Amino acid sequence: MTAFSNTKTVKTTCPYCGVGCGVLATPQADGSVDIKGDPEHPANFGRLCSKGSSLGETLSLDDRILHPQVGGKKTDWPEALDLVAETFSRTIQEHGPDSVAFYVSGQILTEDYYVANKLMKGFIGAANIDTNSRLCMASSVAGHRRAFGSDTVPGTYEDLESCDLLVLVGSNLAWCHPVLFQRVEAAKAENPQMRVVVVDPRETATCAIADLHLALKPDTDVALFNGLLAFLADTDALDHAYIDQHTNGFDEALAAAGPCEINRIAEETGLSPRDLATFYTMVSRTPRTVTVYSQGVNQSVNGTDKVNAIINTHLATGRIGCPGMGPFSATGQPNAMGGREVGGLANMLAAHMAIENPDHRALVQSFWNSPVIAERQGLKAVDMFKAARDGRIKAIWIMSTNPVDSLPDADGVAAALKACPFVVVSDVTHAADTVVYADVLLPAAAWGEKDGTVTNSERRVSRQTSFLAPPGDVRADWWQICEVARRMGFETAFDFDGPAAIFREHAALSGFRNDGSRDFDISAYRDLSGRDFDRMQPFQWPQRTGEGQRTTRFFAAGGFFTADGKASLVAVKQAAPAALGKRYPFVLNTGRVRDHWHTMTRTGKTARLSSHIAEPFAELHPEDAALAGIAAADLVEVKSPHGAVIVRAQVTERARKGSVFVPMHWTDQFASNGRIDAVVSAEVDPVSGQPGSKFTPVSLRKRSFDWYGFAVLCEKPGALQTGYWALAPAYGGWRVELAGSKRDDIEGLVQSLLGEDAELLRFEDAGLGLQRVAGWTGDTLSGAFFFGSEPVSVSRQWACGLLAAPSTDRQMRLDVLAGRPPADMPDKGAIVCSCFQVGCHEIAAAAAQGAATVRAVGECLKAGTNCGSCRSEIQSILDTKFKETSDEARIARAG
Ligand SMILES: Nc1nc2c(c(=O)[nH]1)N[C@H]1C(S)=C(S)[C@@H](COP(=O)(O)OP(=O)(O)OC[C@H]3O[C@@H](n4cnc5c(=O)[nH]c(N)nc54)[C@H](O)[C@@H]3O)O[C@H]1N2
Ligand SMILES: Nc1nc2c(c(=O)[nH]1)N[C@H]1C(S)=C(S)[C@@H](COP(=O)(O)OP(=O)(O)OC[C@H]3O[C@@H](n4cnc5c(=O)[nH]c(N)nc54)[C@H](O)[C@@H]3O)O[C@H]1N2
Ligand code: SF4
Ligand SMILES: [Mo]
C-alpha cells in the first residue's frame, strides 16, 4: 500500500450493497485507511455494517492487476487500446454490429455505465450490452414497467420505518441490507404496533425480528399474493376510488387471482391455513403496509409475475406513494439503479426510455447526434453467453463482473469464453476466475481510486470519491471506454475530460424533451461545475430544472408514465413450480451470507470477514439429511445435470424440507469444488430474461473420503492437490479444510506446506485414526494439521489463534498437538461478532450467566456494539433458535 501524505477525510459511498451508505475515509500516514460511517448521509446516518466497516482491510495491492496485458504479457495502454478498438471495428465491419457485446455490472459508476451504453447503442448501433443486473433486478424492472409504465421505485427508506406492517418477501434484509435492517429494528423498537412478516422458504437471520415467518414452498409467491388480493376484495379493504381513477385491469387481475380459498392456497403454498389467515388479516387491517422484495422474488422463472402479484395488492388498496405505504424493491448492487437510469440493460434505452419506442429512439439519437441507434433489443446475459459459445458473438468486453462464477450454467460460460475469439476483461484483481479467459486484460481503478456517482435503492444519487492514488497503470472504466470509442472513430462524442462532464450530459439527456413525460429527470444538475460535482450532496430524483426539491415519492395521486396516466394491474396466475424427478429430487436454493460479497474478490481478502463463515456449505433439513444418510459436517455432493459441487453439510431445522441452500460466494480461488453456479440451471423468466437462480432440481449424496483434516498455516498454500479443500484467511495466516482419498498422501501434503526447515512435532493414534503434526520456525508456528478418519472436530477459533501466539516452551507446543484449548483457555466457538471476534460459546455462556438481551450481551462482551450486523444472530442464540451458528457446529461431532 502506498504511504499517504494527504490525510484529509473524504466523503464517499460504500461500494457494496444497494443501501448506499455514506462513508468517511481518512488515509493514514502509514498507508492504511480509517473508515467510518458518515453521520450526515441520509441512507445510514453514520452506521456501517460488517462489510462496510472492514473496507479498509480490502485495499491491499498484492492481488491487483496493475498493467494492461495482451495474451498474458504486460503491455502499455496504447497497444492494448489499439488492439481492442481495431478488433471491435474489424469484427463489426466483417460480421455486423450484432457480432460484438459488452457485459457490464451494477458495480461500475453511472458515468462508466453511461459511456458504455452510449458507445454500444448509439455508435456501434446494436443493443448487445447487458449487465449482471439481469441476474439481479431484471424482473423488478419488467414488473415496474408492466405496472407503472416506467421503472420507478415509488417509495423511500423512511417508509420502512414509518409503516405499521413490513412484509419482507424473498429478502434476507438482516444479512443483505444490514443498515436498512438496523433502521427497521430501531423503528420497531420505537413503535410497538409495528409488525414484520418474512416470506422465505427458509428461516433466515431476518426472522429474528419477524412476528410471523411464512416458510412457503419455493416459487409459490404468486399464489400467496393472488390469494391476498382476493382476500382484500372479500374483506372490503380495497380503495375503489384509486382503482377507478388511476388503474386499469383490476377486474382481470382479480379474476385471474381466483377466489380466496384458504385451504387451496394452503395446499399450493405449503403454508398452514392459520398462518395464511393471520397474514391476510394483518394486511387487510393495516393501511400502512410496505412490501419489500428482493431475490426470492426476482430470481425466479416467474419473477416478473411475482413482482406484479405484489404490486397488484398495493394498487388495489391505493397503498402506494404515501408515507409508510408501497411496494419496495430492495436493489442489490451499489449502482444497480444508476445502471437502470443510463439504460444498461439490453432491452432499455438511455434515461429510462424504451428501445421499442420510435420517438424515444429518435430523441436519444438526436441528443447524442449519433450516426445510428439500436433498433431492437440486444441479447440478454444468458443468451449473450450462449451466442458467444456458438460463434455469433465474436468479441466481448466484460467489465466489473465475474460471470464464470456468477452466471447460471457457469461451466457453459467458461466454455463460451474459451470459444469466443476475442475476450476483453476490465477488472481490479487477478484473483477472479474470469480473468484467465481474457485475451486483453485491462487494469481498472478500484473503489477509493475512482470518482463518479451511484444511485441507491431509494433513488438517491451519491458521490463515490477517490482518496487513493491509482497504483501502477490502472485507469477508470469510463476512461477505458472513451479511449476505445475514440480509436473506433467517435472522437467528438467521447471527448469527456472526466466524470463530471459525463454526469452533466447524462443529466441533460434525462431532461431533454421530457416535460414530465418520463420519471427519471435530474436535469437540475445539467450545468454542474466540476467543483460542484466534487461537493455534490446526496439527492433523490426526480430533480427537474427550475423545480425546487419536490416530494420524493411517486404515484400517491396516480400520474403513471403510461399513455392514459393509469397503472396496470396485471392478471397473473401461479405457474406450476418446476417438477422434481427421481434423479434430482431436491430444490437447490442459492444466495448470500452476512460477511461475504458475491465472488469474494474483496471480502475474501480479510480475516475479519472470513471468520464468520469460512467454508462453502449446504444447509439441509434433518429429515432430508437422515434419508440421504448425511450427518452434520459430512461433505456432500450437490449435483444437477449441469455440474456438481462438494460442500460441508449444515443440518438444521431452519432449512425447508426438500430444499437445500448453498451460498453463491465460493470460487476456484477459495475451494476445490464450490462454484455453485456450475450447478444452477439457466432457465429464465420469459418476460425479464432473469435466471431462476433460486430453483434448480438437484441430487444430494454423501461424499466419503479416507481422511479429513483442518490446518492453520502462516503462509498461503499454493495449488492444493487433494480431493477437497477450502481456504480462508485468518489473523496471521490461513486456515484450510481438507479431505483426501489416500491416507498416504497426508505426509506429502504436510511436507509441501510446512517446508523442510520447520521443526516438527507429531502425535498419532492409529486406533482412532488421528494424526496431528505441527511445525515451528523459531518461535513461530509455521503450521498445524489435525487429521482424522471422520471430519475433525478441533476448535477452529482456537487453532487460528495459534498463528498469532508465539509458542516458546515445550508445554505450549504439546498443547497444540493436544488438538484442543488448554483448560484455562476456553474455546470461544464460531465467530458471531466479526468486529470484536466474539464466538457463539462466549455468547451462550454470557446468556447462561444472566445476559438476557442483546444489549446485555453487548455490555459484557462488546459483541454487537460496533457495526451491529450480528445482533440478529445474538438474538437467535438467546432465543436458542440458532443452536449452531456456523463452522464449529457443522464440524462438531461427538468426541
Ligand atoms: N452480505 C451480502 N449482502 C449483499 C450481497 C452479498 O453478496 N453479500 N449482495 C447484494 C446483492 S447484489 C443483492 S441482489 C442482494 C440480495 O439480497 P437478498 O435477496 O435478500 O438475498 P439472497 O440471499 O440472494 O435471497 C434472499 C432470500 O430469498 C429466499 N428465497 C428463495 N426462494 C424463494 C421463493 O421462492 N420465494 C421467496 N419468497 N423467497 C425465496 C432465499 O431463501 C433467501 O433467503 O444482496 C445485496 N447485499
Ligand atoms: N446462484 C446464484 N448466482 C447468482 C446470484 C444468486 O443469488 N445465486 N446472484 C446474482 C446477483 S443478484 C448478482 S448482482 C451477481 C453478482 O455477480 P458478479 O458481478 O459476477 O460478482 P462480483 O464478485 O461482485 O464481481 C465483480 C467483479 O468486478 C471486479 N471489480 C470490482 N471493482 C471494480 C471496478 O471498479 N472496475 C472493474 N472493472 N472491476 C471491478 C471484482 O474484482 C470482481 O471480479 O451474481 C448473480 N449470481
Ligand atoms: S449496508 Fe453495509 S454493505 Fe450495504 S452500503 Fe451499508 S455499509 Fe455497505
Ligand atoms: Mo444482485
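The values are calculated or read from the model by the stated rules, or taken from the named source; none is laboratory data. Since this is a predicted model, take the numbers as computed values, not measurements. In this analysis, Cβ positions are derived from the backbone assuming ideal geometry, glycine residues included, and neighbour counts consider all displayed protein chains.
Points to keep in mind about this one:
- In the stretch 533-563, the residues that are over 30 Å from Leu160 (Cβ atoms) and more than 32 Å from the chain's Cα centre (by Cα): Thr545, Gly546, Ala563
- The stretch 30-63, subset more than 16 Å from ligand 1 (Cβ to nearest atom), in contact (Cβ under 8 Å) with a residue 12 or more places away in the chain and among the charged types (D, E, K, R), residue surrounded by the fewest Cβ atoms within 10 Å (Cβ to Cβ): Asp30
The rows are residues; the columns are (1) outside the structural domain of Val423 (by TED's automatic domain parsing); (2) over 21 Å from Val364 (Cβ atoms); (3) surrounded by fewer than 23 Cβ atoms within 10 Å (Cβ to Cβ).
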{"site": "Ser89", "(1), (2), (3)": "no, yes, yes"}
{"site": "Ala101", "(1), (2), (3)": "no, no, no"}
{"site": "Ser105", "(1), (2), (3)": "no, yes, no"}
{"site": "Asp112", "(1), (2), (3)": "no, no, no"}
{"site": "Gly125", "(1), (2), (3)": "no, no, yes"}
{"site": "Asp130", "(1), (2), (3)": "no, no, no"}
{"site": "Gly143", "(1), (2), (3)": "yes, yes, no"}
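- Of the numbered criteria (1) buried (at least 18 other Cβ atoms within 10 Å of the Cβ); (2) out of contact with any Lys or Arg (no Cβ under 6 Å at 6 or more places or on another chain); (3) at pLDDT below 85, the one Gly819 fails is (2).
- Asn298 within 13 Å of ligand 1 (Cβ to nearest atom), in the same structural domain as Thr247 (by TED's automatic domain parsing) and among the polar types (S, T, N, Q): yes
- The single residue among Leu212, Leu180 that is within 21 Å of Leu160 (Cβ to Cβ), in the same structural domain as Thr304 (by TED's automatic domain parsing) and within 16 Å of ligand 4 (Cβ to nearest atom) turns out to be Leu180.
- Sub-7 Å Cβ pairs linking a first residue in the stretch 581-595 that is within 15 Å of ligand 3 (Cβ to nearest atom) to a second residue that is aromatic (Phe, Trp, Tyr), at least 6 apart or interchain, are Arg592/Trp175; Val593/Trp175; Arg594/Trp175, ordered by first then second residue.
- Members of the stretch 658-674 that are within 16 Å of ligand 4 (Cβ to nearest atom) and either assigned to a strand (DSSP E or B) or touching a strand residue (DSSP E or B) at 6+ places or on another chain (Cβ under 8 Å) (or both): Pro663, Met664
- Given (1) surrounded by 23 or more Cβ atoms within 10 Å (Cβ to Cβ); (2) in a loop (DSSP other than H, G, I, E, B), number of the condition Ala618 does not satisfy: (2)
- Residue count, the stretch 853-869 (criterion: at pLDDT 90 or above and small (Gly, Ala, Ser)): 4
- Check on Thr13, within 16 Å of ligand 2 (Cβ to nearest atom) and closer than 15 Å to Asn456 by Cα: yes
- Qualifying positions in the stretch 104-139 - part of a loop (DSSP other than H, G, I, E, B), more than 16 Å from ligand 4 (Cβ to nearest atom) and out of contact with any Lys or Arg (no Cβ under 8 Å at 6 or more places or on another chain): Gly125, Ala126, Asn128
- Members of the stretch 387-445 that are within 16 Å of ligand 4 (Cβ to nearest atom) and of a type in the set (S, T, N, Q): Ser400, Thr401, Asn402, Ser406
- Number of the exception - Ala846 against (1) closer than 28 Å to Gln875 by Cβ; (2) touching a residue at least 12 places away in the same chain (Cβ under 8 Å); (3) loosely packed, with under 14 Cβ neighbours inside 10 Å: (3)
- Residue in the stretch 774-794 that is more than 18 Å from Ile831 (Cβ to Cβ), buried (at least 22 other Cβ atoms within 10 Å of the Cβ) and within 31 Å of the chain's Cα centre (by Cα) present: yes
- Meets criteria (among the acidic types (Asp, Glu), away from ligand 2 (no atom under 14 Å from the Cβ), assigned to a loop (DSSP other than H, G, I, E, B) and outside the structural domain of Glu737 (by TED's automatic domain parsing)) for Glu637: no
- Restricting attention to the stretch 64-80, the residues that are surrounded by 16 or more Cβ atoms within 10 Å (Cβ to Cβ), of a type outside the set (Ser, Thr, Tyr) and assigned to a loop (DSSP other than H, G, I, E, B) add up to 3.
- Entirely in the stretch 772-890, the helices (runs of 4 or more DSSP H) that have 2 or more residues that are closer than 30 Å to Tyr724 by Cα: 796-804, 810-818, 840-848
- One residue alone among Gly258, Gly227, Gly324 is assigned by TED's automatic domain parsing to the domain that holds Lys188 and within 16 Å of ligand 1 (Cβ to nearest atom), and that residue is Gly227.
- The single condition from (1) in contact with a Ser or Thr (Cβ under 6 Å, 6 or more places away or on another chain); (2) within 16 Å of ligand 4 (Cβ to nearest atom) that Thr304 fails is (2).
- Taken together, the residues in the stretch 561-600 that are away from ligand 2 (no atom under 11 Å from the Cβ) and within 28 Å of Gly258 (Cβ to Cβ) amount to 18.
- In a residue-by-residue description of the stretch 183-192, the property of being in a loop (DSSP other than H, G, I, E, B), surrounded by fewer than 24 Cβ atoms within 10 Å (Cβ to Cβ), on the phi > 0 side of the Ramachandran plot and away from ligand 2 (no atom under 16 Å from the Cβ) applies to no position.
- Residue within the stretch 832-848 that is among the polar types (S, T, N, Q), away from ligand 3 (no atom under 16 Å from the Cβ), outside the structural domain of Gly740 (by TED's automatic domain parsing) and under 32 Å from the mean Cα position of the chain (by Cα) present: yes
- Test: residue in the stretch 580-594 that is at pLDDT below 95 and within 16 Å of ligand 1 (Cβ to nearest atom): yes
- Wholly within the stretch 299-398, helices (runs of 4 or more DSSP H) carrying at least 1 residues that are surrounded by fewer than 24 Cβ atoms within 10 Å (Cβ to Cβ): 303-317, 358-368, 381-389
- Any hit, the stretch 137-160, residues being touching a residue at least 60 places away in the same chain (Cβ under 8 Å), within 16 Å of ligand 2 (Cβ to nearest atom) and in contact with a Phe, Trp or Tyr (Cβ under 6 Å, 6 or more places away or on another chain): no
- Of the strands (runs of 3 or more DSSP E) that lie entirely inside the stretch 414-496, those containing 2 or more residues that are polar (S, T, N, Q) span 452-455, 460-464.
- When the stretch 638-694 is filtered for residues that are polar (S, T, N, Q) and buried (at least 24 other Cβ atoms within 10 Å of the Cβ), the ones remaining, listed by number, are Gln650, Thr667, Ser688, Gln690, Ser693.
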